[in-house]
1. Could you give the dipole magnitude of the chain about its Cα centre, charging the beta-carbon of Lys and Arg +1 and that of Asp and Glu -1, in debye to the nearest 20?
2. How big is the gap, in Å, between the Cα center of the stretch 311-338 and the Cα center of the stretch 475-519?
3. Applying the Karplus parametrisation 6.51 cos²θ - 1.76 cosθ + 1.60 with θ = phi - 60° to the phi angles of the stretch 115-120, what ³J(HN,Hα) value in whole Hz is obtained for each residue in order, glycine and proline being reported as x?
4. How about the stretch 120-192: which GluC sites (Glu not before Pro) there are in a DSSP loop, with at most 14 other Cβ atoms within 10 Å of their Cβ?
5. What whole number of Å gives the distance from the Cα centroid of the stretch 377-399 to the Cα centroid of the stretch 1-72?
6. Apply the Karplus parameterisation 6.51 cos²θ - 1.76 cosθ + 1.60, with θ equal to phi minus 60°, to every residue of the stretch 74-81 and state each ³J(HN,Hα) to the nearest whole Hz, in sequence, with x for glycine and proline.
7. Amide H to amide H under 5 Å from Val61: which residues, 5+ apart in sequence or cross-chain, H placed 1.01 Å off N in plane?
8. List the residues, sorted by chain then number, that are 5 or more residues from Thr190 or on another chain and whose placed amide H is less than 5 Å from its amide H.
Amino acid sequence: MQRQQMINRLDEGGEWEVCVIGGGATGLGIAVDAASRGLRTVLFERYDFAKGTSSRSTKLVHGGVRYLQQGNIRLVMDALSERGLMLKNAPHLVRNLSFVIPNYEWWESPFYGVGLKAYDWMAGNLGLGSTEFLSLEETLVAAPTLDPEGLRGGIRYHDGQFDDARMAIHLAMTAADLDAVLLNYFSVETLMKADGNICGVSVKDAFTGQSYEIKSKAVINATGVFSDTILHMDDPEAATLVSPSQGIHLVLDKEFLPAETAIMIPRTDDGRVLFAVPWHHKIIVGTTDTPVEFPSVEPKAQTDEIDFVLQTMRHYLTKDPSYTDIKSVFCGLRPLVKGGGRTASLSRDHHITVSDSGLITIAGGKWTTYRKMAEDAVNVAVRRADLSAGPSGTSDLRIHGYLEYTDFESPLYSYGSDSVHIIDLIKEDPDLGEKIHPAFPYVKAEVLWAMKEEMCETIEDFLARRSRMLLLDAKASVEAAPKVAELMATRLNKDADWVHKQIEEYTFLAKNYLPSINR
Ligand SMILES: Cc1cc2nc3c(=O)[nH]c(=O)nc-3n(C[C@H](O)[C@H](O)[C@H](O)COP(=O)(O)OP(=O)(O)OC[C@H]3O[C@@H](n4cnc5c(N)ncnc54)[C@H](O)[C@@H]3O)c2cc1C
């Protein structure tokens, strides 16, 4: 998947059948679905693939125990089915993870136990393992750093976990394998219309400034929390659709939860759900649900959100995490579809609307349901634009990199079948086996692979989304930045100014992920 080759295909001109705006989970899923039905498909992403919400999730592939508590049975059933399909089609990226709910009150074990047994039952033969009631001793073996004072026991259940940005890159590669054109750093600037009907988009390449007019039979707005901006390009009077809600995660060292089991706190002091999840040898803790008026591509964690997460974890862990323990704080915006009331109670389901001009907008949902969302959106596009295409086949489509057996301890596991190419690069040039930072397994060959095959254009693309260093340890990622910039500059023929600017911009961005230096 190479950017210049994709641009060359744009230059060939002609009419597209499906044009997708937005390269997050939703847009990439749509590109895969449309291309797999043989439709001529193009996708534009304003920044990098998954730069928005789709690289900032809790990394769970789940039915949503919380939605079960809210009585949203259909949403849970659909998501559990999608969880099973995601595990089946991307076993190199999705794994089965066990979660413990600690019980400090007598009623918690029967109350949550019954709910989770129902959760298992709803998953049917796509279940990941049975819910078990744990004794006090078993609970502490599973989660040794849980505060034992007042602890009665626990419940263990199973859900899926994945690497969201890597899944996004592999979805982009899947669509590219199916002949779609996907371009990052290409923003949709205006919508083109003929007789009031949408007939394409005009786009701009962020690197060259060059504009292109792209004709397409169907145009799908999959821009998450930015959906309203595109809706207003279509009709300045259109009612707003999305209520962004911010969620933060803190990343801590593994010593705070030195096990391969996650902790789920089903009800915090203010009625939210909080997770502490092992991920890439660190612990992710979150999240929050704070309404936001104006969406930003780099949302910032508020001090009271950080305090809330730290304070809640201190109730449950033997070692109290503090500001200086935070390796990184990352923040994402949920594209909740408007209703009334608090954002925590807004619909997590997805919504598709078609405007008078024919613009199709899809918003809401969650990462776990991206495939079903894509199928539904493409069905609407096929009907609306009278496209010639059969039904979706993505429930049986293997995602790029598919490998049946994955060793999740292997440093290159998330590349799936592509890991052999990285190993080959190192065999050809052993210098490429050098680590980019002593505390992380990432090697120079991965930078090269990302540039050659994964449309990695900036050092942020590599440090934040091709690898996950920014999220895992923001300070270490800044230390690695010069090495990544030098390597990229050599291969891209860039000068010292480019290197300097890349490092400067990256360092500025990474500061937002380091709360202790911002206090
Ligand atoms: C804190 C948090 C935790 C979550 N945890 C989970 C979880 O554990 N499991 C789960 O299943 N779901 C989870 N979700 C939900 C999930 O992450 C989102 O539903 C999903 O990522 C939304 O994807 P999207 O593609 O709709 O939006 P985005 O990922 O935001 O993508 C939209 C894209 O559109 C692009 N764009 C905007 N304007 C333009 C333009 N003019 N031209 C071109 N491109 C444009 C943006 O740059 C952006 O990349 C979580 C969400 C949050 C906020």
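1. 580 debye
2. Centre-to-centre distance over Cα atoms comes out at 25 Å.
3. x, 6, 5, 5, 4, 4
4. Counting only loop positions with at most 14 other Cβ atoms within 10 Å, the GluC sites (Glu not before Pro) in the stretch 120-192 are Glu149.
5. One Cα centre to the other: 14 Å.
6. 5, 4, 5, 4, 4, 5, 5, 5
7. Gly160, Gln161, Phe162
8. Under 5 Å from the amide H of Thr190 lie the amide H atoms of Ser202, each far enough along the sequence or on another chain.
The values are calculated or read from the model by the stated rules, or taken from the named source; none is laboratory data. Owing to the predicted nature of the structure, the values given are computational and were not obtained by experimental measurement. Positions of Cβ are generated from backbone atoms using ideal geometry, with glycine treated the same way; all protein chains shown enter the neighbour counts. What goes into the accessible areas is simple: the full protein's heavy atoms, side chains included, and nothing from ligands, DNA or RNA. Shrake-Rupley method; radii C 1.70, N 1.55, O 1.52, S 1.80 Å.
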